[in-house]
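Computed from the coordinates by the stated procedures, all read-outs in this text should not be read as laboratory data. Keep in mind that this is a model prediction, so the values were computed, not measured. Cβ placement follows ideal geometry from the backbone for every residue including glycine, while neighbour counts extend to all protein chains displayed.
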Amino acid sequence: MATITVLNGPNLNLLGLREPAIYGSATLADVERLCREEAAQHGLEIDFRQSNHEGVLVDWIQEAGRAMAAGECIGVVMNPAAYTHTSVALHDAIKGASVKLIEVHISNVHAREPFRHHSYISPAAAGIVVGLGIEGY
Ligand code: DQA
């Protein structure tokens, strides 16, 4: 069965507890359930992961690139969280591994602090979903 890899960056393990006025009360387990239910309706499988470590996320993007080349993975949905605004390494990994990736943010980063307005991920992404809450996944 074809797989979509869903990657989550730092502090998203705290979803539900973390700044609920911004991110809501749903947990990362709720997000995973939502993704699996939606994918099942399309006959797809979800490989759902979270890490607080940039290098681990780089490794997982490269792994997804190999899975895409092997025809096992159809693409990546990623919420890079704070690394969105800092990580040239994630940008390079997406491009270097030729990964088709949709960048997702739960909150509308453009309506928040100026440091959240720039994304290193967007120029390497196939598409962007911002500010739709966990439904954006
Ligand atoms: C976020 C937005 C980022 O600016 C922030 O660092 C996050 C979560 C979002 O989903 O809205 O951790 O990616």
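Name the one entry in Ala64, Ala89 that is in a helix (DSSP H, G or I) and free of Cβ contacts under 8 Å to residues at least 40 places away in the same chain.
After ruling out the rest, the residue left standing is Ala89.
Please tell me if Tyr83 is within 16 Å of the ligand (Cβ to nearest atom) and part of a helix (DSSP H, G or I).
yes
Would you tally the residues in segment 99-137 being within 21 Å of Thr5 (Cα to Cα), assigned to a loop (DSSP other than H, G, I, E, B) and either free of Cβ contacts under 8 Å to residues at least 60 places away in the same chain or more than 9 Å from the ligand (Cβ to nearest atom) (or both)?
Going through segment 99-137 one residue at a time, the tally reaches 10.
Which condition number does Leu57 fail, the rest of (1) touching a Gly at 6+ places or on another chain (Cβ under 7 Å); (2) in a helix (DSSP H, G or I); (3) surrounded by fewer than 22 Cβ atoms within 10 Å (Cβ to Cβ) being met?
Looking at each condition in turn, Leu57 falls short on (3).
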